[in-house]
Amino acid sequence: MTPDASPNLAGKRSRIPAKSSARGGSAAARLAPLLPALSRLVTLLAVLVLAGLLPWLSGRDPALSILRARSGEQEATTEALNAIRAQLGLGDGPWTSLFVWADGLLKGDAGVSWVSGAPVLPGMVQATGVSLTLMAAALLVVLPVIGLICAPVLRAGLRGEARRGSGAVPAALTALPEFVLATVLLVVFSVWLRAFPPYGWTSWTHAVLPALALGLPAGGLLGRLFADGLATTFSERWVTTWSVAGFSNARIAGAVIARTLPGLLPQVGMVLIALTGGAVAVEKVFSIPGLGRATLGAASAQDLPTLRMGLLILLVLAIAIGSLSTLAGTWLLRPAIRSGSLPVAQEPETPRGGFVVPALALSLLVVLVLAGLGRDPFTSAYLRLEAPSLALPLGADGTGRDLLARVSHGAATTIGLAFVTTLLAFLIALVAGSFPRLMAGPIEITKATPPVISGLFVAAILGASSSGAMLAVLAVAWAPLAAHVAALSRQSRAQPHVRMAPLLGVGPLRLTLRYVLPAVVGPALRHAMLRLPGIALALAALGFLGLGARPPAPEWGLVLAEGMPYLERAPFAVLVPASALVLLAVFAVSAANLSWRRRVRRR
């Protein structure tokens, strides 16, 4: 063998596994686009099967639940229960019922309601149209709110400052419970001013107050996320380059908005989903025959055909909206991803004195809690709805209990459970968001499930308790965070230095831990903190519905709900717990936005 034969032979040998590896890589690349679709299909089937098995998983006789829903006064005799089982085919078992429903659905027949006996499909289609119309009306409120919140950040960025605000205003908007806001709007504009009709859905005037109740909190959430994203984009080096090169402010602003949109489009999709299936409380307050209200009613009555159809429509909407938002984000980033030129952002700064807002909110919250710790939250020693006085600083509730004591003692339960749930949701989101293709189905479908529906599932299986409510909220709270993590991870992996890392011998695990996660954790954590008050309210709402904390527990949301019937006579019964939730939201969001780096300025 000649001296140069060995290298030639080695080269030939080295090329053989390379070809094999290329074939394996190309096969994996061909299968990768199919993974999200498969994930969505498997998750959709799993949820529908779970919904179909719900009456049997609850441990209760489905025939008894249907009898109670049809007529609460009729005696549950053996003959009556057997007649219902024979009429609805319950004796064949859950799997046969599920297969019969699926076969009918393929033929365009969703069955008839177990409670009313009416065909399911026409009613649910009509309810979907109502919810989509309400969503469109709410978006007319969301867009101006986003603009007002983002305007200061945009102006500061064009002046050369990449900074975030404290987030107090959007946090306060986000913390407004939708059903409380809806009730306040109803009392003020319908009862007092008589400017809009209080109930129904027959003209455009019926959509004004519900749109405000849905749009203001949603606008606060998206406005904070967009403001955060704009501040981060303004810190990227290309903005300085464009400014020095003489580009106009209008062109820079347009480019910054286009650069920010891809990472936030999944959150926009999540809000659109929440404005349809998640609008249960608002639809209930204004008696709107929407999809969320119909599905919740079916779940409460265990009307299985209606529940299945409602969930199916919600899930199809979630998949469609989620897929469109992901495709739109990918399309906007496609040029930068192909060229490997996605810019690297630096963490923007809050302005000087940014600690004032969280410190003030925390101080007020601490004073509120400490002032009532020595008072009894359970005794009814005062007059019903007694007005605030020196002896009773915040007044009494509808049963004569001290509101200050109840809010103070309820802080540990409300804040503690909400914080633990938020932290767990954040950790789950970091893991799930790192596998966006595999988790596409669970993320998109879970985002379509309101906490109330999740709570009904959990309570039906495990029973009502505080831990069950926490599990129910956690089951849906991680999905929006995971969608945000997935979008941020996709952008981080498209940046030049990250794309070059594997060529330098950096493995997948080290690449994720060293390069991707540091770019994701900060924005995702701020997003989680922004959702903390909403999680607290969701936990409280489940308690009020009998799916979590039970009376007379001094839990904030429960105290809030107990004061709702007296809003017009004694506003303080609602304002006190609502103010506590707002203070919690302002502190959580503004504290998460604090940073100790110097402000980024363009010279």
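Observations on the model:
- Calculated P(r) of the range 407-543 - Cα pairs past 27 Å, %: 29
- At q = 0.11, 0.15, 0.18 Å⁻¹, base-10 log of I(q)/I(0) for the range 464-536 (Debye sum, equal scatterers on each alpha carbon): -0.39, -0.61, -0.75
- Interatomic Cα distance distribution for the range 505-588, bins of 10 angstrom, percent: 17, 32, 22, 13, 11, 5, 1
- Of the whole protein surface, Val115 contributes about 50 Å² of accessible area at a 1.4 Å probe radius.
- Diffusion of the range 421-476 by Stokes-Einstein, at 20 °C in a medium of 1.002 mPa s and with Rh set to the Kirkwood radius over alpha-carbon pairs, works out to 181 µm²/s.
- Put Leu583, Leu392 in order of accessible area, highest first, and with a 1.4 Å probe you get Leu583, Leu392.
- Debye-sum result for the range 209-256 in log10 I(q)/I(0), which assumes one identical scatterer on each alpha carbon, at q = 0.15, 0.25, 0.28 Å⁻¹: -0.53, -0.86, -0.96
- Gap separating the Cα centres of the range 202-270 and the range 390-455, nearest whole Å: 26
- For the range 110-235, diffusion coefficient by Stokes-Einstein and Kirkwood Rh (Cα), 25 °C, 0.890 mPa s, µm²/s: 146
- By a 1.4 Å probe calculation restricted to protein chains, Thr326 has an accessible surface near 50 Å², given to the nearest 10.
- Here the range 206-314 has 67 percent of its accessible surface on carbon and sulfur atoms, given a 1.4 Å probe and all protein chains in place.
- Magnitude of the charge dipole, the range 481-575, Cβ model with Lys/Arg +1 and Asp/Glu -1, debye to 20: 680
- Arg40 exposes around 40 Å² of accessible area when a 1.4 Å probe is run over every protein chain in place.
- Residues Thr512, Thr233, sorted by accessible area with the largest first, give Thr512, Thr233 [1.4 Å probe; ligands and nucleic acids excluded].
- With 10 Å bins from 0: P(r) over the range 73-123, alpha-carbon pairs, percent: 22, 47, 26, 5
The values are calculated or read from the model by the stated rules, or taken from the named source; none is laboratory data. Just so you know, these numbers come straight off a predicted model, no measurement behind them. In this analysis, Cβ positions are derived from the backbone assuming ideal geometry, glycine residues included, and neighbour counts consider all displayed protein chains. With ligands, DNA and RNA removed, areas are computed over all heavy atoms of the protein, side chains included. Shrake-Rupley method; radii C 1.70, N 1.55, O 1.52, S 1.80 Å.
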